[in-house]
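Taking it in order: structure first as structure tokens, then the write-up.
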Amino acid sequence: MRDRVVVVSGPGRVELVEQDAAELTDGTFRVETLFSGVSAGTELSYVKGTNPYLNVTWNADLGLFQPGAASTPYPVTRLGYMQVGRVVESRTPAVAVGTVGAMTYGHRTGWVADAVAERFVPLPEDLDPLLGVYVAHMGPICANGVLHAAADLHGADVRSLGDGVRGRRVAVVGSGVVALLTALFAKRHGAASVVVLDPTPQRRAVAEALGLQTLDPEADDPAVVLKTRWAHGPGDRGADVVFQCRGQAWALQLALRLLRPQGTVVDLAFYQAGADAVRFGEEFHHNGLSLRCAQIGRVPRGLTPTWDRERLSAETIDLLRAYGDVIRKHLVSAVVPFEEAPTLLTDLAERRRQELQVVLTA
């Protein structure tokens, strides 16, 4: 048996490669891919050649990038983390044949998984399996951002994702997939207001179709607009928390300007080009602001025992049950055959094609 795999062989070079499927052994199971979602930020960084893992060594023990051999050199053979597959063979009683579940094994038509070493999240029968692309990893990324806002207020005593947004004014900078799912999490968990800021009219239109308020940051100064609208007291205006979801310096600078004094930016963005335009001598300093990086590799300190990846996936399923119809209609912008993946990824990287969420069908 052979599987087709999406491989990035070099900058701008994407191909489909056939590989022999692994043999099934005790404790493993095989899935055939139904859907594979494209994560434009991370995946296109490999196609463009801008991902830091391609050029330097990541020292996991020290938590530092250092000169040396690339941690992930070309060819990149495991691209993507938004897969949904059906179990077709199993040699473990933990995973039954016929089960449809979410996984993170990359763009390929099939995979043999170790039931102990790899996550398999069974999807409920009442959930559109295409939306399962968000369950294993992308949804938890966004839920973890909201969890960081809760930890900012309550430390390790977080009981609900709503603890950081309930009754609060929330701004979200960017309107890609991470931004929109994060905004929906905030809305779902009781935020008093949620406003999405993005300069692209088409993306603001998607946010509005999802039931979210929007502002154009290139029109009237959005910091003035929101600080006029959101008053807490004398000299105390602006967002309680800002989720920064666009990996560009102007976006982080804007996020800082939107905050009330002593507010917090929860940053979910990936700054491939750095953030040289951010000015820490202005609002950041004078308003006593905080900046927290919410990266899916870790939940906030002290919350690991109670907020593991499985719980974040369960929160994602709850979100998809609430908003699945509008997410499927407005957020998923293209569903294309697996064979078109090389052309699709290179077109996206070269900006010949604009999509919000592409899902490959195997």
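On the basis of being in a strand (DSSP E or B), under 25 Å from ARG188 (Cα atoms) and at pLDDT 95 or above, does GLY324 make the cut? When the stated conditions are applied, GLY324 does not pass them. When ARG321 is tested against (1) over 30 Å from ASP221 (Cβ atoms); (2) open to solvent by less than 40 Å² (accessible area, probe 1.4 Å), just one condition goes unmet, and that condition is (2). Which of (1) more than 13 Å from VAL31 (Cα to Cα); (2) within 14 Å of the chain's Cα centre (by Cα) is the odd one out, the single condition THR104 does not satisfy? Of the numbered conditions (1) more than 13 Å from VAL31 (Cα to Cα); (2) within 14 Å of the chain's Cα centre (by Cα), the odd one out for THR104 is (1). Could you list, in sequence order, the residues of the stretch 145-154 that are in contact (Cβ under 8 Å) with a residue 60 or more places away in the chain and open to solvent by 30 Å² or more (accessible area, probe 1.4 Å)? Hit for the stretch 145-154 is ASP152, nothing else. Scanning the stretch 107-142 for residues that are hydrophobic (A, V, I, L, M, F, W, C) and under 16 Å from the mean Cα position of the chain (by Cα) yields a count of 7. ALA136: surrounded by 17 or more Cβ atoms within 10 Å (Cβ to Cβ) and either under 24 Å from ALA322 (Cα atoms) or not hydroxyl-bearing (Ser, Thr, Tyr) (or both), yes or no? When the stated conditions are applied, ALA136 passes them.
Counting only strands (runs of 3 or more DSSP E) that sit completely within the stretch 204-317, zero hold 2 or more residues that are open to solvent by 20 Å² or more (accessible area, probe 1.4 Å) and touching a Cys at 6+ places or on another chain (Cβ under 6 Å).
Checking GLY174, GLY164, GLY190 one by one, the residue that is open to solvent by less than 30 Å² (accessible area, probe 1.4 Å) and at positive phi is GLY174 and no other. Taking the criterion of being in contact with a Phe, Trp or Tyr (Cβ under 8 Å, 6 or more places away or on another chain) and outside any strand (DSSP E or B), the residues of the stretch 178-203 that qualify are ALA179, LEU181, THR182, ALA183, LEU184, ALA186, ARG188. Close Cβ contacts (under 7 Å, 6 or more residues apart or on different chains) running from residues in the stretch 301-315 that are within 10 Å of ALA156 (Cβ to Cβ) and touching a residue at least 12 places away in the same chain (Cβ under 8 Å) to residues that are open to solvent by 60 Å² or more (accessible area, probe 1.4 Å) and not in a helix (DSSP H, G or I) comprise GLY302/ALA156; LEU303/ALA156.
The values are calculated or read from the model by the stated rules, or taken from the named source; none is laboratory data. As the structure is a computational prediction, the values presented were derived from the model and not from experiment. A quick note on method: Cβ atoms are made from the backbone with ideal geometry, for glycine too, and the neighbour counts reach across all protein chains shown. Just so you know, the surface numbers come from the protein's heavy atoms only, side chains and all, with ligands and any DNA or RNA stripped out. Shrake-Rupley method; radii C 1.70, N 1.55, O 1.52, S 1.80 Å.
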